[in-house]
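After the structure tokens below, expect a handful of questions from me.
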Amino acid sequence: MTNLSMLHFGSDEIFTNPQFGLWMFLSIGAVALFVVFIPLVSWIDSRRKEREAFYKADTMRRLAESSGEGARAAIDMLREEDRLRRIKTREGMKIGGLINMAVGIGLGTLLWSIGGNQGSPYLVGLIPGLIGVAMLVYVFFLATPVE
């Protein structure tokens with residue numbers, strides 16, 4: 001039988017190191033974030049979406065069963081929801097395109113100011129900038145218009 005006080009697991013200086021507390025805090029925080037918080041939030045969000053879909057389907061079923069006018073109202077409601085969803089998507093692409101263009105301009109300016117045009121990769125700013133331009137071209141010229 002061994003006495004626990006006689007066991008020696010190595011140097012105790014790891015526990016007296018001032019960075020050990022920070023390392024331990026960040027390790028426990030990372031585990032809590034990726035193992036507990038993110039799955040919990042995604043589960044709660046999926047339950048909310050499931051409930052919304054259930055209530056929407058139930059409402060549509062009741063409207064459709066009520067009368068001929070109710071079925072027409074349900075179809076109009078579905079069309080309006082689809083139209084609003086497409087408008088929201090298009091507005092999101094506009095904002096995303098503008099943000100990408102701003103990031104590209106800012107990145108190119110930053111890299112230009114660091115090294116000038118001699119060996120500086122300032123043209124890297126064209127990558128997000130051109131992605132933003134492509135998004136805006138799609139939204140304004142190529143996408144089907146929303147009625």
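Could you list, in sequence order, the residues of the stretch 16-64 that are of a type in the set (G, A, S) and touching a Gly at 6+ places or on another chain (Cβ under 7 Å)?
Listed by number, the list holds a single entry, A64.
For residues that are assigned to a helix (DSSP H, G or I) and charged (D, E, K, R), scanning just the stretch 89-147, find the one that is surrounded by the fewest Cβ atoms within 10 Å (Cβ to Cβ).
Among them, the one singled out is E91.
Exactly one of these conditions fails for R86: (1) surrounded by 13 or more Cβ atoms within 10 Å (Cβ to Cβ); (2) modelled with pLDDT of 95 or more; (3) of a type outside the set (S, T, N, Q). Give me its number.
The number of the failed condition is (2).
Still on this structure, I have one more. Do we find a residue being at pLDDT below 90 and in contact with a Leu (Cβ under 8 Å, 6 or more places away or on another chain) anywhere in the stretch 24-47?
no
Let me ask you something else. If a residue has to be over 15 Å from M135 (Cα atoms) and free of Cβ contacts under 8 Å to residues at least 12 places away in the same chain to count, how many in the stretch 82-102 make the cut?
Going through the stretch 82-102 one residue at a time, the tally reaches 3.
The values are calculated or read from the model by the stated rules, or taken from the named source; none is laboratory data. Model, not experiment: these values are computed from the prediction. Cβ: placed from backbone, ideal geometry, glycine included. Neighbour counts: every protein chain shown.
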